[in-house]
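Notes follow once the structure below has been shown.
The values are calculated or read from the model by the stated rules, or taken from the named source; none is laboratory data. Worth saying up front: this structure is predicted, and the values here are computed from it rather than measured. Counting neighbours? That spans all protein chains shown, and the Cβs are built from the backbone with ideal geometry, glycine included.
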Amino acid sequence: MREWDYETDFLVIGSGGGLVGALRASALGMDVLVAEKSEMIGGSTGMSGGVIWLPDNPLMARDGAADSLAEATAYFDSVVGTAAESSPAASDARRRTYLVAGNKMFSFLESEGVPFLRIDGYSDYYAGVRGVVGGKARSRSVETPAFDVKQLGEWAARLRPPVAGNMTMYTGEAAYASNLFTRKGMSVMTRVMARTALGRLRGKKNVTNGAALIGYLLKALLDRGVPVWPETALVELIVEDGEVRGAVVDRNGTSLRVRARAGVLISAGGFAHNGVMRDEFSGGQPGRPEWTSANPGDTGEALQIAMKHGAATDMMDEAWWLPSWLMPDGVPSMCISERSKPHSIMVDAKGNRYFNEAIAYQEAGQCMFEHERTVGGALPTWLIIDSRHRSRYVFGFAPPGRTPKDWIASGAMKKAATLEDLAAQCGIDPEGLVATVARFNGFAESGVDEDFHRGEGDHEKYQGDITHKPNACLGSVAKGPFYAVPMYPGDIGTNGGLLCDENARVLTDDGRPISGLYAAGNCTASVMGRKYLGAGATIGPSVVFSYVAAEDAADRVESPRP
């Protein structure tokens, strides 16, 4: 066997949240190498809103938004339940590590030049929901300010484009911007336009969202001299005497043996685009690659390699579900605020409502699967809106009152003068739809959803229209023309994978750590089990446990550096 082609202390596979682990490892004095299989840096994190859910974070204290470890723990337990009810990945030890180490990570990133903004008002997803304690309406989520990609030099071309496109819009502003005809919505859009224009006048090329988070992290790594290898795929782990000593990678067609003295961190995403794996592990939940909004490289090879070496897995049937509809070109469009706004309803093929349309998107997808399994007619589920919804609120990227002609012409969105005609176009039972809408309109008038409690949760109100009374999420579906889009349980990545302990060490089926192997992010079973606690519930565990992995790996270096 030939000697090592390259030697380092800490090898990071993937360039999303794992960049935090790479940065921490470098700060601890380790030699670090980042290997990314695609030509672009950032993974699904770079394509996301770039938000981190971080309870009791320093910005909350600075803003007078009180929080505590006890409240965060109570909220976690209230929503996720026990580990036995969700997953061993959601053990008490992992929960506490997430909550405690998260703030240490936050302070470290600030010291490395990664700034953050608190997203006031972007409430926890279960705050205010019946039976839930410890939720915060004022938000535990943070995101980075705009980042000028010109700071990256030639690396700027490798940064994935932001969700907001050319607009310098923060993720925390999107819900307000969807309410353009409100005072708050107009104020936010004015601020966004001014910020965008000012940045351009100053010669900057600003990005926001996940692109900004990755931009700051990448710049910090480059400033530290950490090598980042794009177009470098993991081929195999090198295991000797039961310990991961390094990996074989393919760099631009050349096979290289990389020694990793302190360990290997896999933070390479899940398998959202791998149809074979989804079929194998679906457990009857028919998620489809064509419905996912995860990055194209989310194909599961790193996860399969770890499994081959005895890594345990859990929740492989789960994903970060997000109801989505398919645009005329077949690209899925995520649907969040649209289904929370007044004058909207979601029904199955019989015309029946079967869940609270405005609930957290993870749970919305789970409801769709469960209804399809037990009753049928939920794939697709139809989101139906009336003319007031279409004239007042943003839908997808279409502004109020301006529906792209190809949406209707292609059938991606249906349009009809009456509910009966709309039902005929969609294949919905017309009598069932009319009866359901009549009952729903009664709830809209009273402001109380007697069936599913829509509009009670703080996050539901945040995504709704606070100017609409008496309920920010309930408005009658009564004024034609009417519109409908078929909704599918899309996702932003898979939510199950390698089972890890509180130190981010990958475990075997009998609970033993695989020496030298760490994992974080969507290639792992989430610390949040099968729930989505708040904005940033995917990126949060990815960056926190990458940080934790680096801390643990530092103790494995034979000759620690000062």
Examine segment 268-282 for a residue that is under 16 Å from Asp317 (Cα atoms) and part of a strand (DSSP E or B), and state whether such a residue exists. no
Quick one: how many residues across segment 433-486 are at pLDDT 95 or above and either among the β-branched types (Val, Ile, Thr) or assigned by TED's automatic domain parsing to the domain that holds Met186 (or both)? 6
Return the total of residues in segment 530-562 being under 14 Å from Trp53 (Cα atoms), outside any loop (DSSP other than H, G, I, E, B) and among the hydroxyl-bearing types (Ser, Thr, Tyr). 1
Is it the case, given these coordinates, that Ile384 is in contact with a helix residue (DSSP H, G or I) (Cβ under 9 Å, 6 or more places away or on another chain) and closer than 30 Å to Gly165 by Cα? yes
Tell me, please, whether a residue that is in contact with a helix residue (DSSP H, G or I) (Cβ under 7 Å, 6 or more places away or on another chain), within 24 Å of Trp321 (Cβ to Cβ) and crowded, with 21+ Cβ neighbours inside 10 Å can be found in segment 363-379. yes
Inside segment 301-321, can you point out the residues that are surrounded by 24 or more Cβ atoms within 10 Å (Cβ to Cβ) and closer than 26 Å to Glu370 by Cα? Glu318, Ala319, Trp320, Trp321
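Quick grid of which residues meet (1) more than 25 Å from Ala27 (Cα to Cα); (2) touching a helix residue (DSSP H, G or I) at 6+ places or on another chain (Cβ under 7 Å); (3) not assigned by TED's automatic domain parsing to the domain that holds His309:
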site: Ala197; (1), (2), (3): yes, no, yes
site: Asn206; (1), (2), (3): yes, yes, yes
site: Gly215; (1), (2), (3): no, yes, yes
site: Val235; (1), (2), (3): yes, no, no
site: Ile238; (1), (2), (3): yes, no, no
site: Glu243; (1), (2), (3): no, no, no
Can you pull out the residues in segment 308-348 that are among the hydrophobic types (A, V, I, L, M, F, W, C) and assigned to a loop (DSSP other than H, G, I, E, B)? Ala312, Met315, Met316, Met327, Val331, Cys335, Ile336
Just name the residue that is farthest from the chain's Cα centre (by Cα) out of those in segment 355-370 that are outside any helix (DSSP H, G or I) and small (Gly, Ala, Ser). Ala358
With the requirement that a residue be surrounded by fewer than 24 Cβ atoms within 10 Å (Cβ to Cβ) and either assigned to a loop (DSSP other than H, G, I, E, B) or hydrophobic (A, V, I, L, M, F, W, C) (or both), what does segment 509-529 give you? Asp509, Asp510, Gly511, Arg512
Among the residues of segment 1-45, how many are acidic (Asp, Glu) and touching a helix residue (DSSP H, G or I) at 6+ places or on another chain (Cβ under 9 Å)? 4
Return the residues of segment 380-414 that are of a type in the set (Asp, Glu) and either on the phi > 0 side of the Ramachandran plot or surrounded by 17 or more Cβ atoms within 10 Å (Cβ to Cβ) (or both); say none if nothing qualifies. Asp386
Thr299, sole failed condition from (1) under 30 Å from Gly511 (Cβ atoms); (2) part of a loop (DSSP other than H, G, I, E, B); (3) touching a strand residue (DSSP E or B) at 6+ places or on another chain (Cβ under 7 Å): (3)
Please name all residue pairs, on different chains or six or more residues apart, with Cβ atoms under 7 Å, provided the first residue is in segment 365-377 and is farther than 16 Å from Leu433 by Cβ and not assigned by TED's automatic domain parsing to the domain that holds Arg288 and the second residue is among the polar types (S, T, N, Q) and crowded, with 18+ Cβ neighbours inside 10 Å. Met368/Thr381; Phe369/Gln285
Subset of segment 70-88 (residues that are of a type in the set (A, V, I, L, M, F, W, C) and out of contact with any Asp or Glu (no Cβ under 6 Å at 6 or more places or on another chain)): Ala70, Ala74, Phe76, Val79, Val80, Ala83, Ala84
Go through (1) in a loop (DSSP other than H, G, I, E, B); (2) closer than 30 Å to Gly377 by Cβ and name the single condition Phe443 misses. (1)
Just to be sure, is Glu460 of a type outside the set (Gly, Ala, Ser) and either assigned to a loop (DSSP other than H, G, I, E, B) or under 28 Å from Ala174 (Cβ atoms) (or both)? yes
Within segment 85-135, the residues that are touching a Ser or Thr at 6+ places or on another chain (Cβ under 8 Å), closer than 26 Å to Glu456 by Cβ and β-branched (Val, Ile, Thr) are Ile119, Val132, Val133
Are any of the residues in segment 112-120 buried (at least 21 other Cβ atoms within 10 Å of the Cβ) and farther than 23 Å from Ser48 by Cα? no
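If you check Gly447, Gly480, which single one turns out to be surrounded by fewer than 24 Cβ atoms within 10 Å (Cβ to Cβ) and at positive phi?
Details: Gly480 fails: at positive phi.
Going through Gly447, Gly480 in turn, just one is surrounded by fewer than 24 Cβ atoms within 10 Å (Cβ to Cβ) and at positive phi: Gly447.
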Which residue, of Val114, Val100, is modelled with pLDDT of 95 or more, in a loop (DSSP other than H, G, I, E, B) and over 26 Å from Gly185 (Cβ atoms)? Val114
Tally the residues that are among the aliphatic types (A, V, I, L, M) and closer than 19 Å to Val394 by Cα, restricting the search to segment 446-468. 1
Restricting segment 143-173 to residues that are of a type in the set (Val, Ile, Thr) and assigned to a helix (DSSP H, G or I), the residue that is surrounded by the most Cβ atoms within 10 Å (Cβ to Cβ): Thr171
Restricting to segment 64-85, name every residue that is part of a helix (DSSP H, G or I) and either aliphatic (A, V, I, L, M) or touching a strand residue (DSSP E or B) at 6+ places or on another chain (Cβ under 6 Å) (or both). Leu69, Ala70, Ala72, Ala74, Val79, Val80
